[in-house]
1. How many residues does region 153-199 contain that are within 26 Å of N419 (Cβ to Cβ) and in a helix (DSSP H, G or I)?
2. Name the residue, out of K436, K420, that is free of Cβ contacts under 8 Å to residues at least 24 places away in the same chain, more than 22 Å from K505 (Cβ to Cβ), touching a helix residue (DSSP H, G or I) at 6+ places or on another chain (Cβ under 9 Å) and part of a helix (DSSP H, G or I).
3. Just to check your reading of the model, which residue among L342, L326, L333 is out of contact with any Ser or Thr (no Cβ under 7 Å at 6 or more places or on another chain) and either hydroxyl-bearing (S, T, Y) or on the phi < 0 side of the Ramachandran plot (or both)?
4. Would you please name the residue that is surrounded by the most Cβ atoms within 10 Å (Cβ to Cβ), looking only at residues in region 423-450 that are under 21 Å from C302 (Cβ atoms) and at pLDDT below 95?
5. Step by step: first the residues of region 339-382, then only those that are among the polar types (S, T, N, Q) and touching a strand residue (DSSP E or B) at 6+ places or on another chain (Cβ under 7 Å), then the one that is nearest to P501 (Cα to Cα). Which residue is that?
6. For region 305-329, what are the residues that are in contact with a strand residue (DSSP E or B) (Cβ under 8 Å, 6 or more places away or on another chain) and either surrounded by fewer than 22 Cβ atoms within 10 Å (Cβ to Cβ) or not hydrophobic (A, V, I, L, M, F, W, C) (or both)?
7. For region 551-571, what are the residues that are more than 22 Å from V250 (Cα to Cα) and either assigned to a loop (DSSP other than H, G, I, E, B) or touching an Asp or Glu at 6+ places or on another chain (Cβ under 6 Å) (or both)?
8. Does region 89-101 hold any residues that are at pLDDT 95 or above, open to solvent by less than 50 Å² (accessible area, probe 1.4 Å) and closer than 30 Å to N491 by Cα, and which are they?
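The values are calculated or read from the model by the stated rules, or taken from the named source; none is laboratory data. This structure is a prediction, so every number in the text was calculated from the model and none was measured. FYI the Cβ positions are ideal-geometry reconstructions off the backbone, even for glycines, and counts take in every protein chain you see. SASA here: full protein model, heavy atoms, side chains in, ligands and nucleic acids out. Shrake-Rupley method; radii C 1.70, N 1.55, O 1.52, S 1.80 Å.
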Amino acid sequence: MSRHRHREKREKSSGQNSSDEEQENNSRHRKRDREHRHKKHRRSKGSGKMSVWKGVLLWFLALLQIAQDWILEFFLGLYWGEKKVCPGPTSSNKELVQKSAVELAKLIRERKVKCYDVVKAFTDRINETNGFLNAVVDGPFPEALEEAQEIDLMLAKGVFTNKDFEEKPFLGVPFTTKESTSVKDKKLSLGLVSRKNEIGREDAECVRKAKEAGAIIIGLTNVPEVNKWIESRNNVYGQTNNPYDNRRTVGGSSGGEACIISSCGTGFGIGTDIGGSIRIPAFSCGIFGHKPTENSVSMKGCTFRTAKEEPTMVAAGPMSRHAEDLLPLLNVLVSNDKKAALKLDETVDLKKLRYFYITENGIVAATPVNSETKNVMKKVTRYFQELTEQDVVKSKLPGLEKSKNMWRYWMTKEPANFNKLMGNGDEVNPIVELLKKLVGQSDFSMAGVFGLIDGILPAENEKMVLELTKKLEDALNELLGDDGILFFTSNPRTAAFHYYPLFFKFNDFHFFSIFNVLKVPVTQVPMGLDSNGLPLGIQVVATRNRDRHCIAVARELERAFGGWVPPFQQT
């Protein structure tokens, strides 16, 4: 009995102790929770302050970019003087030179116009405008007229069969390409003084394919030195002027090409693109340009390429005034072993695709996207929402703010050495060239010297870039899949004055270059003119091998908004 009472007392005492310990533990937990919440609050408060300061800093930097933009526009505008636009066609064939390549081929094939008259109209147009534009640096070629006469003779005799017409879909249509792309027995200086007398030994593969399709080459167009700049200027041929405003850039590196197409000096063109080199000029000059999926078009003969280079971001593609030319031209240029993957003959139902858009890329050093450019995106998204009866979704992609770093890193993986290309095989000392440039003794443009200096600046962080590139590729593939389209801002502003990028305003081109890093197809689409009469535009992006989807969307945008606007007044 006494033992029982003692046991109860001990149990009671033990229970009491347990309860006391539990209360003490709970008290300690509550204290830790309070301290944790307090620390979290302080961190949150600190993070909030950091976010506020970061926002203020970004706002200030954006304001600084806008101010710099305004100042450059003002002073460069004073420097270049009065605006002048490309003169309009004066010949009786002024309507002919504005037609699409597809329509010209049809007219020639059906003998409704003579091939000679078509080629003569375009060569006359080059002679009529080139003093103003300085776009064509070799040509027009007199033998092009002789070739046109031979085609007319064969058509009159009925030599061509339906099969011949199928194999030569651009029979008799004149075309041009950039001077850095090899054409047999024609100039191949790449804008270098050391190569000013060099000529091409054979046709580049893309040129050969265009010729096999019946097209007639009539001239070569201006480029920056070795194609590495966003303006088209060099010390061999000088500067190419924008047909909408001769004081402004045509972009680069296919700048002369876009310029002569927009001003109606050729039926179509072939450009190359390693960082926007088709799309930047197409945007600046108000035409269509398509950068194909990686390795779709052979690069053999373009800027010394052999087509065996791996990896590479570069691509060759069609440039034209009219969207209907893009798909048949791409079909001509694409390597035979790539056609099955691209499915260019497959019908595209725009209403079965999904649509997304991105307006900004987050690069602090880039010019903020202006209101007229933003309005282009609004018009496009609104139109496709009505057309497809589905939302065009505002989206984000990781790492876009590091587009510059990714592109710069992957350029170092390209097989060509820019320094040796600039030296025509010899090493060039960037510091020596800068000093020579400052005293007016360099053979290179300032843009070329900038390119040389970039080669000795600190390299990008490889680990970071590889991780970002993979993350971005995965995110784009997940977003678009095999039926998604991305509308992406072409450029924060329309074509700038000549020399504008040299004032450390060259980061805008990374709105284009990121898609070279990703190696996906992109079509540049003209979208009318801004308040200064300069071309606006938008990029249409898809995942690899879906070029047909980009081009189908481009054709719909042309139908809805008009596409190319002539740089001259219609009479």
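1. The number of residues fulfilling the criteria is 3.
2. Numbers: K420 fails: touching a helix residue (DSSP H, G or I) at 6+ places or on another chain (Cβ under 9 Å).
Unique residue meeting the criteria: K436.
3. Working: L342 fails: out of contact with any Ser or Thr (no Cβ under 7 Å at 6 or more places or on another chain); L326 fails: out of contact with any Ser or Thr (no Cβ under 7 Å at 6 or more places or on another chain).
Within the list L342, L326, L333, the selection yields L333.
4. Out of the qualifying residues, it is G423.
5. Of region 339-382, the ones among the polar types (S, T, N, Q) are 347, 359, 361, 367, 370-371, 373, 375, 381.
Going one step further and asking which of them are touching a strand residue (DSSP E or B) at 6+ places or on another chain (Cβ under 7 Å), we end up with 359, 373, 381.
Working: T359: 21, T373: 19, T381: 30 Å.
If we take residues in region 339-382 being among the polar types (S, T, N, Q) and touching a strand residue (DSSP E or B) at 6+ places or on another chain (Cβ under 7 Å), then T373 is nearest to P501 (Cα to Cα).
6. From region 305-329, those in contact with a strand residue (DSSP E or B) (Cβ under 8 Å, 6 or more places away or on another chain) are 314-323, 325-326, 329; that's our starting set.
Within region 305-329, G317, P318, S320, R321, H322, D325 meet the criteria.
7. We begin by selecting, within region 551-571, every residue more than 22 Å from V250 (Cα to Cα); these are 551-553, 555-557, 559-561, 571.
Matches in region 551-571: T571 only.
8. Quick first cut of region 89-101, residues at pLDDT 95 or above only: 96-101.
Checking the rest, the ones that are also open to solvent by less than 50 Å² (accessible area, probe 1.4 Å) come to 96-98, 100-101.
The answer is V97, Q98, S100, A101.
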